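Read-outs: derived from the displayed coordinates by stated rules, not from any lab. Bear in mind that the values here come from a model prediction, so they are computed numbers and not experimental data. Note that we place each Cβ from the backbone using ideal geometry, even for glycine, and neighbour counts take in every protein chain shown.
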Amino acid sequence: MLEFDRFPKIDAHFHSTFYNPVYEKIAKDCHLKYININTDASVFPSMEVQENVALAYVKKAPEHFSYIASFEMQGWQDPSWFSGVLDRLEKSIDQGAVGVKIWKNIGMEILKPNDQSFLMIDDPFFDPLILFLSKNKIPVLTHLGEPKNCWLPIEEMTSERNKAYYTKNPEFHAYLHPEIPTYERQIEARDYLMVKYPDLTLIGAHLGSLEWSYKELAKRFDQYSNFYVDLSSRLGHLQMQSVKDYEGVRNFFIKYADRIMYGTDAYNNPEKLTSSLINDWKYFTTNKHCESAEINGIFKGIHLPEEVLRQLYCANAQRIYGLI
Ligand SMILES: [Zn+2]
């Protein structure tokens, strides 16, 4: 049996927006490296603060910390916005950032002033940014769209976690805001980037918002050789599918072993981080009965081969983000 604390792991989707020494201790105890993801969300501090915190971690323990930079959309209509953003991103990459994050405010929040339509990621406005990322071989981590449940009434949602989240955050619940572009439109806009920029390395955070169907993900992996995903905050949706289709989900992890990265999405929450690490490990490495707050009832671990685990937990993030 593989030993949890000796198996090298990368949490490819982690958030810590203020310095907390406990993460270095957890990293040493669990043989872990984090990729800290900067994000243009209002609950996060300013991008400058996030950048400084991420760099402080990297400086303190580069063997355990890495980070992905991002940019603020604020002022995007200002003609000088682009040059400022590209300058800052270049600087971040020089300082060691391993990618750039794009967030769901694009597609779900920001309006174009001329006709009040939503600014989507496939708008030609973003061409200079995407071209810059593609040309410089900078991986782009996209959290675009939301789980499909976001467009459904609470009682029709398939996940307890989604139900709780949208009950608590009605402002993000698209079902209540019919003006927000559809789920399908969000996915279409993201997919279009991979068609238009085949050299772009695109990682869909949170299972690329295709959490509800591993078959939809498989279709994209077959279609786009530049598409990868992280599991952060959405593993429960695959566990749910494995209740009814155990072999299908297990074979999905094996067949697309080079496309999927482990990630917790723990946000300033060391307890959530450690419990996720332990529970997820049990699901992936054993065939024992597992439980999750997201799912009613018990389900069985998928006991993946060791080589698949190495890719999922470590090798993919190292290769895709060029970690050293
Ligand atoms: Zn996140």
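Observations on the structure shown:
- When the trypsin sites (Lys or Arg not before Pro) in segment 35-143 are filtered for DSSP coil states and for at most 16 other beta-carbon atoms within 10 Å of their beta-carbon, the remaining sites are Lys137.
- For the listed peptides 25-35, 64-74, a ranking on the average number of other beta carbons within 10 Å per residue, highest first, reads 64-74, 25-35.
- Nitroxide proxy distance, nm - points 7 Å out along Cα→Cβ at Lys168 and Ala41: 1.1 nm
- Between segment 139-215 and segment 254-317, the Cα center-to-center distance that results, in Å: 21 Å
- Rg/Rh for the chain, where both radii come from Cα atoms and Rh is the Kirkwood radius: 0.94
- Neighbour counts of C-beta atoms inside 10 Å place Phe284, Phe14, Phe125 in the sequence Phe125, Phe284, Phe14, starting with the fewest.
- Residues Glu216, Glu48, Glu294 in ascending order of nearby Cβ atoms (within 10 Å, fewest first): Glu48, Glu216, Glu294.
- Calculated [θ] (222 nm, deg cm²/dmol) that DSSP helices of n ≥ 4 give over the chain, each run adding -39,500 (n - 2.57): -12000 deg cm²/dmol
- Based on the Kirkwood approach, the hydrodynamic radius assigned to segment 201-245 is 10.6 Å, with every pair of different Cα atoms included.
- Taking 15 Å as the straight-line reach from the Cα of Lys25, the aspartates and glutamates in range (excluding those fewer than 8 positions away in the same chain) are Asp5, Asp11, Glu63, Glu271.
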